[in-house]
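Q: Dumping the structure here so I can ask a few things about it.
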Amino acid sequence: MKVVGLTGGIGSGKTTVSKMFNELGVPVYTSDERAKQLMVTSHEIKQQLTLAFGEDSYDEHGQLNRSYLAAIVFNNANALHTINSIVHPAVGKDFKEWARAQESPYAIKETAILFENDLHHQCDIVITVTAPVKIRVARVMDRDDATEDQVLARAKNQWSDEQRVALSDHVINNIDLADTLVQVKEIHRQILHDEG
Ligand code: ATP
């Protein structure tokens, strides 16, 4: 089975595009979502986070204390690195197990920071979703009820579209949804054709 990495900048439409592939029967692994789940369910992650940041990392119900960890990260740049070094390998392992159970010709791994974390080498094919920055920011402001500064702050460590496109096998320009679906269907056809 081929592993197809699907990435794109904040608000580009990764989730929207993933859903289109999923509706064509392609299994989709959403790395951010799984990371959030694993931070609550994985005994290993819990143990390591508690060791690094103390018992307050989880509340009395075993739920992740996000505001506590966010405050630590806010005051200490190394803390984010530590959290990532605990969570990312666990997600990588979880993805491998998930991928082994899939029986389709290819599966999609949706990751916002595919290139930034050097994960594109682990994919057979990479798809980047693009849209102009102005549109992307406006979408996220609308979706998350956030300010422009908040959205830009979240995007500050992400690569530019130009950098991502240069290393991608396919690019989906996601502006008009109907046109996006046409591009998704064409890439799906090409991947199945190349696989067959
Ligand atoms: P993030 O980087 O925050 O994870 P994302 O890349 O997964 O975001 P989506 O959540 O798919 O992006 O899209 C961001 C918002 O823009 C959503 O509210 C979505 O419904 C909307 N959206 C996505 N594509 C389009 C489009 N072509 N036209 C209009 N709205 C869109």
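Q: Please report the carbon-and-sulfur percent of the accessible area for the stretch 1-119; probe 1.4 Å, protein heavy atoms only, DNA, RNA and ligands left out.
A: Carbon and sulfur: 51 percent of the exposed surface of the stretch 1-119.
Q: Let me ask something else. Evaluate the distance, in nm, between pseudo-label points positioned 7 Å from the Cα of residue 93 and of residue 23 along their respective Cα→Cβ axes.
A: Result: 3.7 nm between the two label points.
Q: Still on this structure: Filter the GluC sites (Glu not before Pro) in the stretch 55-133 down to the DSSP loop ones having no more than 11 other Cβ atoms within 10 Å, then list what survives.
A: In loop regions of the stretch 55-133 (DSSP not H, G, I, E or B), the sparsely surrounded GluC sites (Glu not before Pro) are 60, 103.
Q: Could you give the spread of the C-alpha atoms of the chain along their three principal axes, from largest to smallest, in whole angstroms?
A: Reported extents, whole Å, longest axis first: 51, 40, 27.
Q: Run down the lysines and flag those whose C-alpha is under 16 Å from the C-alpha of residue 96, throwing out any fewer than 8 positions away in its chain.
A: 2, 109
Q: Which length gain, in nm to one decimal place, applies between residue 154 and residue 104 when the Cα-Cα distance is subtracted from 0.36 nm times their residue separation?
A: So the extension gain works out to 14.6 nm.
Q: Rolling a 1.4 Å sphere over the protein heavy atoms, what is the accessible area per residue of the chain, to the nearest Å²?
A: 57
Q: Now for a different question. Each residue of the stretch 145-151 in order: what ³J(HN,Hα) in whole Hz does its phi give by Karplus 6.51 cos²θ - 1.76 cosθ + 1.60, θ = phi - 60°, with x for Gly and Pro?
A: Couplings: 6, 10, 7, 4, 4, 4, 5 Hz.
Q: Using helices alone, what [θ] at 222 nm do you get for the chain, with -39,500 (n - 2.57) per DSSP H run of 4 or more residues, divided over all residues and rounded to the nearest 500?
A: It lands at -17500 deg cm²/dmol.
Q: Using label points projected 7 Å from each Cα along Cα→Cβ, tell me how many nm separate residue 122 and residue 41, to one decimal.
A: 1.8
Q: What figure in square angstrom, to the nearest 10, would you give for the accessible area of residue 24 with a 1.4 Å probe?
A: 60
Q: Of the beta bridges DSSP finds with both residues in the stretch 1-155, what % are antiparallel, to the nearest 5? Working shown, then result.
A: On the way: 1 of 14 bridges.
Looking only at bridges with both residues in the stretch 1-155, the antiparallel portion is about 5 percent.
Q: What do the square roots of 5 times the Cα gyration tensor eigenvalues come to for the stretch 105-192, in whole Å, largest first, as semi-axes of the equivalent ellipsoid?
A: So the equivalent ellipsoid measures 24, 17, 11 Å along its semi-axes.
Q: Quick one: if the Förster radius is 41 Å, what FRET efficiency do residue 162 and residue 52 give, using the C-beta to C-beta distance and rounding to 0.05?
A: 0.70
Q: Given Cα pairs under 8 Å that are at least 6 residues apart, what percent is the relative contact order of the chain?
A: It rounds to 38 percent for the chain.
Q: Using Cα pairs closer than 8 Å and at least 6 residues apart in sequence, work out the relative contact order for the stretch 32-101, in percent.
A: Numbers: 41 pairs, mean separation 23.4, N = 70.
For the stretch 32-101, the relative contact order is 33 percent.
Q: Rounded to two decimals, what ratio of Rg to Rh does the stretch 32-101 give with C-alpha atoms and a Kirkwood Rh?
A: The Rg/Rh ratio comes out at 0.98.
The values are calculated or read from the model by the stated rules, or taken from the named source; none is laboratory data. None of these values were measured; they are calculated from a predicted model. Using ideal geometry, Cβ is built from the backbone for each residue, glycine included, and neighbour counts are taken over all protein chains shown. Accessible surface is based on the protein model in full, side chains and every heavy atom, while ligands, DNA and RNA are left aside. Shrake-Rupley method; radii C 1.70, N 1.55, O 1.52, S 1.80 Å.
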